[in-house]
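Worksheet for the structure shown next.
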Amino acid sequence: MPLVLNQPHYKDLKADSTAIHQADTAATATPAVAAVPAYVRVRHRWLDPRLPYPPEYFADMPPVLSTSLVDSIAADTVVPHILTEEQAEVLRFEAMVDSIEQAQAYAEAHTGHAEGLRPEALAPSFGNMGTLGALLAGTMAVAALSSGGIRRALKAYRHELWSVRRRANVFDDARSAPSWAAVILALLFIVFGGIALYCSTPESATPTFLGAVAAMGVLGAYYVFQLCSYATVGYAFSTPSGRSMWLSGFAASQAFTGLALAVPALLLMYVPEWKIPLLYACAAIYCAGRLVFIGKGIRIFYNKIRSLLYFILYLCTLEIIPLFAVYAILAYIESALV
């Protein structure tokens, strides 16, 4: 027969079991873990244990457990490995789309296929001046095509460079230089000497074709001035044969000087790093040619001690002062062209 409990007595048993269950739960429950503070009080300072402070800050500090570093490592290493295959595929697809969009944005920003790019002018230099290069190439081509006449002219100039013989020897095979070959050699001196002269000016730092041509023009005018001056001085102070020898010596010295200036002048144009030593080399070549010519003039005009006075006047009037005048005129022209 079924057991029937009295209703008040049943309520007491239910209350007792509930109380016992709550007591057991409270006894077996783990205590709540207090949150570890992000900052630890050490010597009246708030320090973040996650940052790499020197060891002396934590010398007297009790051990403190902070799981922030562990959580960070777990977020970087563990979490990506627990993704599902579908989630990983979605992440890879999004990364690929982002990379494609960045590449398209970079291409649109830098190719300029729609709006175009503004052209930038090259820095001025001798290598960028095609007209000057054509002028030099044309001059050297003319000299190469006239190599036979130039060779005969140089052979004659080698004799006329230093010789002061009044009467030709029957055994000498020296002949006068062809006039057209003499003109080509004078042109070589003017072109290469003009480049060297132009490179000695401050304006050559940003070279221009007009500046180089102006230097060649000034040097050509100086060549003509010297030729006319020497002819006048030879006519006034020497015999016709002496004047002829002096003028031929001038042409010979300038011809050899122009040939010797060819290599340094080209290096000045295309190797600007060697500008200073090359300018010294050009000055030494020009001075050597002038000294040879002046030495021949002494041998022609010197006959008494008082002739030295005229020779000093000649040096000041035709050799020293004109050089400063040429440089001053060239500097004025170059400043006007800038």
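The values are calculated or read from the model by the stated rules, or taken from the named source; none is laboratory data. No experiment lies behind these values; they were computed from the predicted model shown. Every residue, glycine as well, gets a Cβ built from its backbone with ideal geometry; the counts of neighbours run over all protein chains shown. Accessible surface areas use protein heavy atoms only, side chains included; no ligands, DNA or RNA. Shrake-Rupley method; radii C 1.70, N 1.55, O 1.52, S 1.80 Å.
List of remarks:
- Filtering the range 150-160 for residues that are surrounded by fewer than 16 Cβ atoms within 10 Å (Cβ to Cβ), touching a Phe, Trp or Tyr at 6+ places or on another chain (Cβ under 9 Å) and either at pLDDT 90 or above or within 30 Å of L279 (Cα to Cα) (or both) leaves a non-empty set.
- Matching residues in the range 195-206 - criterion: being open to solvent by less than 20 Å² (accessible area, probe 1.4 Å) and either among the charged types (D, E, K, R) or modelled with pLDDT of 90 or more (or both): I195, A196, Y198, C199, T201
Quick grid of which residues meet (1) more than 25 Å from A182 (Cα to Cα); (2) part of a helix (DSSP H, G or I); (3) in contact with a Lys or Arg (Cβ under 7 Å, 6 or more places away or on another chain):
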site: L247; (1), (2), (3): no, yes, no
site: A251; (1), (2), (3): no, yes, no
site: L268; (1), (2), (3): yes, yes, yes
site: P277; (1), (2), (3): yes, yes, no
site: F293; (1), (2), (3): no, yes, no
site: K296; (1), (2), (3): no, yes, no
site: Y310; (1), (2), (3): yes, yes, no
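- Exactly one residue out of K296, K304 is in contact (Cβ under 8 Å) with a residue 60 or more places away in the chain and basic (K, R), and it is K296.
- Selection within the range 101-133: residues that are modelled with pLDDT of 70 or more and more than 21 Å from the chain's Cα centre (by Cα). The member of this set that is least open to solvent (accessible area, probe 1.4 Å) is T131.
- Unique residue being farther than 24 Å from P178 by Cα and open to solvent by 80 Å² or more (accessible area, probe 1.4 Å) when the list is V263, V326: V263
- Residue check, A281 open to solvent by less than 80 Å² (accessible area, probe 1.4 Å), touching a residue at least 40 places away in the same chain (Cβ under 8 Å) and in a helix (DSSP H, G or I): no
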